[in-house]
Amino acid sequence: MESGDIAPVPTAAWWQAAVIYQVYPQSFADSNADGIGDLPGITSRLGHLATLGVDAVWLSPFYRSPMRDGGYDVADYRDVDPMFGTLADFDALLAEAHRLGLRVIVDIVPNHTSSEHRWFVEALAAPSGSAARDRYIFRQGSGPDGDEPPNDWQSVFGGLAWTRVADGEWYLHLFDSSQPDLDWLNREVHAEFESTLRFWLDRGVDGFRVDVAHGLIKADGLPDVGHTNQGGIIGRDPLPYFDQDGVHEIYREWRKIIDSYPGERIAVAEAWTSTVERAARYVAPDELHQAFNFEYLFTPWSATDLRASIDGSIAACGAIGAPPTWVLSNHDVQRHTTRYGALGAAGLRRARAATLLTMALPGSCYLYQGEELGLPEVTDLPPDARRDPQWFRTNGAEPGRDGCRVPMPWSGTTPPFDFSPGESAAPWLPVPASWASMTAERQAANPGSTLSLYRTALRIRKEHPALGYGPPLRWLDTPTGVLAFVREPERDTAAGGAPLTCVVNLTEAPVSLRDVLERADLGPPLLASDRLSGDQLPPDTAAWW
Ligand code: GLC
Ligand code: CA
């Protein structure tokens with residue numbers, strides 16, 4: 001797309017049907033040969049995203065950071081880390097994205113700062129009970145000498161959620177010890193983040209992805225959880241440090257700020273909650289616009305489970321008037337090609353089918369860099385290459401998330417496949433030689449590639465009046481293991497009333513479409529994740545008519 005300004009969407013807000021592509025800056029493209037992705041690298045590759053046909057880019061953090069947690073440990077919220085470039089590089093990226101018709105969403109990390117943030121350095125230097133300590137959650141320990149942690153909370157990355165400082169007090173960190181939690185009962189914290197939001201809104205960003213949106217307020221008195229498998233119940237059972245009602249007040253404040261800027265700017269919540277209904281509360285009309293649908297992401301490759309998850313998500317969002325969102329991968333989870341193939345089945349077949357299913361659902365979709373190439377998780381990274389604090393804090397018991405963060409293979413035949421230019425330092429994570437067949441360049445030239453499938457699917461999704469947010473989804477009766485639904489736009493829309501039918505075969509045998517759809521006149525599909533033979537839809541295949 002070569003267009004200039006972003007045209008206002010006449011029918012619905014852009015984000016309600018948007019496809020938003022997540023870029024993990026360290027691993028997208030390296031411009032200066034140090035083996036680490038950076039902002040000028042991203043700018044140079046925005047053409048890939050425009051050709052792919054997405055609406056917006058979400059950038060994971062590129063702020064000043066000691067990079068103990070891939071940049072989710074922010075030392076300065078209003079500056080670019082020198083490793084990624086400069087604020088001028090950011091402005092150039094934003095201008096080029098807008099020129100290409102792509103919106104840009106940046107990450108905001110309000111639950112915790114880096115321990116190298118000016119505030120935490122001050123807090124450590126200040127005495128117990130001081131204003132500097134009150135920006136964080138410092139407490140006396142328990143036990144006779146205070147040498148037991150204040151409560152039984154565990155870090156999401158493993159181990160205790162408390163670390164003791166020199167004068168004997170403890171501070172809370174729900175993630176790494178280098179990520180102290182802020183105290184959102186302190187008004188100064190609110191004011192600081194409001195300024196940070198305005199800083200990026202003034203620069204022209206189109207929105208924010210809110211990191212750990214469910215974590216900012218902790219239950220009164222910091223009560224014990226009562227057991228030690230806390231990581232195992234995140235997203236399932238209530239916890240005193242997640243999804244407390246008080247967080248919603250913060251997002252009502254933020255929404256007012258976001259709405260005070262021209263253009264339709266948005267915020268999307270990373271909110272791990274115990275039910276989809278509780279996740280939907282983050283997207284009330286006066287709070288955030290979207291929330292990631294992790295329930296859908298974690299649903300196994302099963303027709304019954306997927307249908308229940310889709311229905312549950314649509315119902316929960318419908319009840320609050322928000323469009324649903326769908327996501328299969330991000331920088332925190334095993335890539336879905338590998339996840340769906342975990343039982344030995346061909347994961348890529350399922351991943352391609354899942355993509356057509358997902359893109360046919362009502363609402364907005366999030367893609368993660370590399371899924372358009374069908375990249376698998378890299379499961380055999382050597383221990384000394386690993387960077388994720390989850391790996392270190394569990395002594396390697398948890399492999400961590402490095403395997404989905406391996407640099408993008410762009411072109412050429414040897415690693416790192418033009419991730420870096422010319423003679424350059426080794427990439428920050430090694431790129432497998434087997435990715436030679438998966439580069440963007442190779443796939444662009446092949447109409448049967450996963451990249452071509454994504455490009456075509458996104459083009460049809462944009463053009464077809466039955467896709468996107470509006471038209472409701474109606475399930476068709478199908479044999480066990482097969483999903484089929486129709487989406488029908490209203491007849492009187494300018495685009496006409498052509499319905500779209502999506503069928504997915506999740507069984508291990510081909511199914512006859514004549515039987516599934518009870519009609520013989522379907523003709524060839526608009527798009528299929530694999531070749532059909534006659535009226536037979538092969539296993540792990542999806543198609544659109
Ligand atoms: C979010 C991020 C994850 C990070 C964590 C702590 O879950 O997605 O990458 O480690 O927050 O900031
Ligand atoms: Ca670089």
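What is the number of the single condition among (1) surrounded by 22 or more Cβ atoms within 10 Å (Cβ to Cβ); (2) over 22 Å from His117 (Cα atoms); (3) touching a strand residue (DSSP E or B) at 6+ places or on another chain (Cβ under 8 Å) that Phe208 does not meet?
(2)
Residues that are open to solvent by 10 Å² or more (accessible area, probe 1.4 Å): which strands (runs of 3 or more DSSP E) entirely in the range 47-143 hold 2 or more of them?
Details: elements: 56-59, 76-80, 103-108.
Per the criteria, 76-80.
For Leu458, work out the one condition from (1) outside any helix (DSSP H, G or I); (2) closer than 17 Å to Leu49 by Cβ it doesn't fulfil.
(1)
Of all residues in the range 530-545, how many are surrounded by fewer than 14 Cβ atoms within 10 Å (Cβ to Cβ) and more than 34 Å from the chain's Cα centre (by Cα)?
First pass over the range 530-545, keeping only residues surrounded by fewer than 14 Cβ atoms within 10 Å (Cβ to Cβ): 531, 533-534.
Next, from what is left, pick out any that are more than 34 Å from the chain's Cα centre (by Cα): 533-534.
Total satisfying the criteria: 2.
Looking at the range 359-369, is at least one residue assigned to a helix (DSSP H, G or I) and open to solvent by less than 10 Å² (accessible area, probe 1.4 Å)? Give the steps one after another, and end with the answer.
Of the range 359-369, the ones assigned to a helix (DSSP H, G or I) are 359.
With the extra rule that they be open to solvent by less than 10 Å² (accessible area, probe 1.4 Å), the set shrinks to 359.
Yes: one or more hits.
Considering only residues that are out of contact with any Lys or Arg (no Cβ under 6 Å at 6 or more places or on another chain) and open to solvent by 60 Å² or more (accessible area, probe 1.4 Å), which ones fall in the range 513-529?
First, pick out the residues of the range 513-529 that are out of contact with any Lys or Arg (no Cβ under 6 Å at 6 or more places or on another chain): 513-519, 521-528.
If the condition is that a residue be out of contact with any Lys or Arg (no Cβ under 6 Å at 6 or more places or on another chain) and open to solvent by 60 Å² or more (accessible area, probe 1.4 Å), then Arg514, Asp515, Glu518, Arg519, Asp521, Pro524, Leu526 are the ones that fit.
Condition test on Leu94, is it of a type in the set (A, V, I, L, M, F, W, C) and in contact (Cβ under 8 Å) with a residue 60 or more places away in the chain?
Details: of a type in the set (A, V, I, L, M, F, W, C): yes; in contact (Cβ under 8 Å) with a residue 60 or more places away in the chain: yes.
Against the criterion (of a type in the set (A, V, I, L, M, F, W, C) and in contact (Cβ under 8 Å) with a residue 60 or more places away in the chain), Leu94 qualifies.
Take the range 12-37 and flag every residue that is within 14 Å of ligand 2 (Cβ to nearest atom) and touching a Gly at 6+ places or on another chain (Cβ under 7 Å).
Scanning the range 12-37 gives Pro25, Gln26, Ser27, Phe28, Ala29, Asp30, Ser31, Ala33.
Restricting attention to the range 273-295, which residues are under 13 Å from the mean Cα position of the chain (by Cα), crowded, with 21+ Cβ neighbours inside 10 Å and either assigned to a loop (DSSP other than H, G, I, E, B) or of a type in the set (Phe, Trp, Tyr) (or both)?
Phe292, Asn293
If Asp305 satisfies all but one of (1) of a type in the set (Asp, Glu); (2) without any contact (Cβ under 8 Å) to a residue 40 or more places away in the chain; (3) under 25 Å from Ala29 (Cβ atoms), what's the number of the condition it fails?
Failing condition for Asp305: (3).
I'd like the residue in the range 129-182 that is among the hydrophobic types (A, V, I, L, M, F, W, C) and farther than 21 Å from Pro240 by Cβ and, out of all such residues, is farthest from ligand 2 (Cβ to nearest atom). Write out each step before concluding.
Let us first name the residues in the range 129-182 that are among the hydrophobic types (A, V, I, L, M, F, W, C), namely 131-132, 137-138, 153, 156-157, 160-162, 165-166, 170, 172, 174-175, 182.
Now restrict to residues that are farther than 21 Å from Pro240 by Cβ: 131-132, 165-166.
Values: Ala131: 39, Ala132: 35, Val165: 35, Ala166: 37 Å.
Looking at residues that are among the hydrophobic types (A, V, I, L, M, F, W, C) and farther than 21 Å from Pro240 by Cβ, I get Ala131.
Considering the range 222-265 alone, what residues qualify as being open to solvent by less than 30 Å² (accessible area, probe 1.4 Å), hydrophobic (A, V, I, L, M, F, W, C) and at pLDDT 95 or above?
Residues satisfying the conditions are Leu222, Leu239, Phe242, Val247, Ile250, Trp254, Ile257, Ile258.
Any residue in the range 16-40 that is within 14 Å of Pro61 (Cα to Cα) and modelled with pLDDT under 95 sitting within a Cβ distance under 6 Å of a residue that is within 16 Å of ligand 1 (Cβ to nearest atom) and assigned to a loop (DSSP other than H, G, I, E, B)? List the pairs, counting only those 6 or more apart or interchain.
Hits for this filter: zero, empty list.
Residues of the range 310-331 being of a type in the set (Gly, Ala, Ser), touching a residue at least 40 places away in the same chain (Cβ under 8 Å) and open to solvent by 20 Å² or more (accessible area, probe 1.4 Å), which ones?
Ala319
Right, Arg45: out of contact with any Leu (no Cβ under 9 Å at 6 or more places or on another chain) and within 16 Å of ligand 1 (Cβ to nearest atom) or not?
Details: out of contact with any Leu (no Cβ under 9 Å at 6 or more places or on another chain): yes; within 16 Å of ligand 1 (Cβ to nearest atom): no.
So Arg45 fails the test.
The values are calculated or read from the model by the stated rules, or taken from the named source; none is laboratory data. Only a predicted model underlies this, so the values are computations on that prediction, with no experimental measurement involved. Don't worry about glycine lacking a Cβ; one is built from the backbone with ideal geometry, like all the others, and counts go over all protein chains shown. Areas reflect the complete protein model, heavy atoms only, side chains present, ligands, DNA and RNA absent. Shrake-Rupley method; radii C 1.70, N 1.55, O 1.52, S 1.80 Å.
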